[in-house]
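Shown next, in structure tokens, is the structure this report addresses.
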Amino acid sequence: MNSDGTPSVTITPHGAELYTLTIEDDGSIVGHLRLYIMDIWWNGGPTGDRKANIQDVWVHPDHRGRGYGKFLMDVAEEKARALDCKLVELTSDPNNPERRTARAMYLRRGYAVTTEGFRLRLDR
């Protein structure tokens, strides 16, 4: 925890377009997410605007319900704004019962359900 009582979040850059955010409690990582920054493309070319894509959001089951996910999202959205992003996107599996609480949080934060995602496993 920081001196003001907020959780300690570390933002680790991996080049100019990717950041890993980790949150700690008593010196142990209890949550993380990845923040990708990219240009927005539309109709065959870049628009000049940028967007953020949040992936791999996770909070340890023993630490859920304490606001860690919300705080990670706060920090990720602040970072996206600081990098002049106009939009934040993320995906969350609607068929995974473990994601219900996270999906409810995203909706409370103002995220809208927009598309259906597709995935192809290449390791089979």
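The values are calculated or read from the model by the stated rules, or taken from the named source; none is laboratory data. Being a predicted model, the structure only gives us computed values, none of them experimental. Counting neighbours? That spans all protein chains shown, and the Cβs are built from the backbone with ideal geometry, glycine included. Ligands, DNA and RNA are stripped out before the accessible areas are found, and what is left, the full protein with its side chains, is counted by its heavy atoms. Shrake-Rupley method; radii C 1.70, N 1.55, O 1.52, S 1.80 Å.
Is it true that some residue in segment 69-90 is out of contact with any His (no Cβ under 9 Å at 6 or more places or on another chain), more than 18 Å from A16 (Cβ to Cβ) and in a loop (DSSP other than H, G, I, E, B)?
no
Exactly one condition in (1) in a helix (DSSP H, G or I); (2) among the acidic types (D, E); (3) open to solvent by 70 Å² or more (accessible area, probe 1.4 Å) is not met by D56; state its number.
(1)
Among (1) part of a strand (DSSP E or B); (2) open to solvent by 90 Å² or more (accessible area, probe 1.4 Å), there is one condition V113 misses while meeting the rest; what is its number?
So the condition that V113 fails would be (1).
Picking from G31, G65, which residue would you name as being modelled with pLDDT under 95 and either surrounded by 10 or more Cβ atoms within 10 Å (Cβ to Cβ) or part of a helix (DSSP H, G or I) (or both)?
Result of the check over G31, G65: G65.
Return yes when I37 is within 22 Å of R119 (Cα to Cα), touching a residue at least 40 places away in the same chain (Cβ under 8 Å) and in a strand (DSSP E or B) and no when it is not.
yes
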